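Here the structure comes first, spelled out in structure tokens, and everything after it is commentary.
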Amino acid sequence: MHRRHLWVLICFLLLIPTLLIPTPGWSEEVSDQDALKACLKNWGTHPFVEGNLSYRTIAPNVSVFGSGVSVQDDRETRQPELVLIKPSVSVFSKGTLKLLNPQGWYCLESKVAVFSEVDIQIDCRASLAFSSGGTTVLGSDERSEGVTVSGTIKVTRIGCNKAN
């Protein structure tokens, strides 16, 4: 085994238990409604009525030693649509979330990236919010949301040059 691979394996084995230790606010499950309320608060101004939320859910994704498009939402709607993206986990992976509905208001419940690269590509006219704060250890997370351990999470707006 190469020294670099051995170092990565040792770091992984030492850091992964920190993700499993409960921290304040993480020990209880967050309900969909709580996550959506947090996103609405983060947006400030939005087109939704808070007492009567209609939303669509995108299932969670787990990727270990993988790559490719993790989530692709290319469903276009005529009206604003609230979309809850359930927690995703990436370990030693490279993944992409493509959020392409121009009327989409995407609420990302949380994400975990361990030695991984996650690229969130969102339509220029869509909105994105995270339901909670985050932690970054030896990594880069442009939004400071979720948990990133020696990895990167990047948000890119796409289609901004298209005529509306």
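Before moving on, here are some points about what is shown:
- Computed lengthening from T77 to T57, 0.36 nm per intervening residue step minus Cα-Cα distance: 5.7 nm
- Estimated at 0.36 nm per residue, the fully extended path between K41 and F65 surpasses their Cα-Cα distance by 5.1 nm.
- For the stretch 40-120, the share of accessible area belonging to carbon and sulfur comes to 48 percent (1.4 Å probe, ligands and nucleic acids excluded).
- Segment C160-E50, length gained on full extension (0.36 nm per residue, minus Cα span): 36.7 nm
The values are calculated or read from the model by the stated rules, or taken from the named source; none is laboratory data. Treat the numbers as computed from the prediction; the structure is a model and nothing was measured. With ligands, DNA and RNA removed, areas are computed over all heavy atoms of the protein, side chains included. Shrake-Rupley method; radii C 1.70, N 1.55, O 1.52, S 1.80 Å.
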